[in-house]
Amino acid sequence: MSHAKTSYVCLPCRASYKQPYGGSWVRRCPRCGRELTHAGSAFAVPARRDTEGWRVLSVLLHAGVRFHKSCCDGPGYRPRTLREVRERLAYARRTGEPYGRALTRPEVP
């Protein structure tokens, strides 16, 4: 039986790799040798030339937001533009809500 694969990302190289999930070993980027970041099984990689998409992804991953399937609904809402990210981070600073939770809000009150 094969193991489920999930996405791991190298932010400096703007590359994504599908690898088996689990195990305690550190996954390294085949291009630069840096440690890969686990993005989740429902992750859709932006195009390498999409600078804004990679900046948004970087903010999400550094805030602890991942892209995991949750039954039939998928990973839930994730911002796609820097404007959406800025709105949610400003809301988090104003209210004291954790960044990870504020970034996954479909709408900012």
Which entry in [x] 69, 28, 25; [y] 45, 31, 23; [z] 56, 34, 21 is this structure's computed Cα extents along the principal axes in Å?
[y]
Given charges of +1 on the Cβ of Lys and Arg and -1 on the Cβ of Asp and Glu, with all other atoms neutral, how large is the dipole of the chain about its Cα centre, in debye to the nearest 20?
320 debye
In degrees, nearest 10, range 0 to 90: what is the angle between the Cα axis of helix 51-62 and the longest Cα principal axis of the chain?
90 degrees
What distance in nm lies between label points placed 7 Å from Cα along the C-beta direction at Arg86 and Arg101?
2.6 nm
Using only Cα atoms and rounding to the nearest 10 degrees, what angle (0 to 90) does helix 82-95 make with the longest principal axis of the chain?
60 degrees
Projecting the Cα atoms of Ser7, Pro109, Tyr91 onto the charge dipole of the chain, where Lys and Arg contribute +1 and Asp and Glu -1 at Cβ, the residue farthest towards the positive end is Ser7
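Sum -39500 (n - 2.57) across every DSSP H segment of at least 4 residues in the chain, then divide by the residue count to get the 222 nm mean residue ellipticity, nearest 500.
That comes out to -8500 deg cm²/dmol.
Summing Lys, Arg as +1 and Asp, Glu as -1, what charge do residues with Cβ under 10 Å from the Cβ of Ser41 carry, Ser41 excluded?
Counting the neighbours of Ser41, the net charge comes to +4.
No lab work stands behind these numbers, since they all come straight from the coordinates. What you see is a predicted model, and the numbers here were worked out from it, not measured in a lab. With ideal geometry, Cβ positions are generated from the backbone for all residues, glycine too; neighbour counts draw on all protein chains shown.
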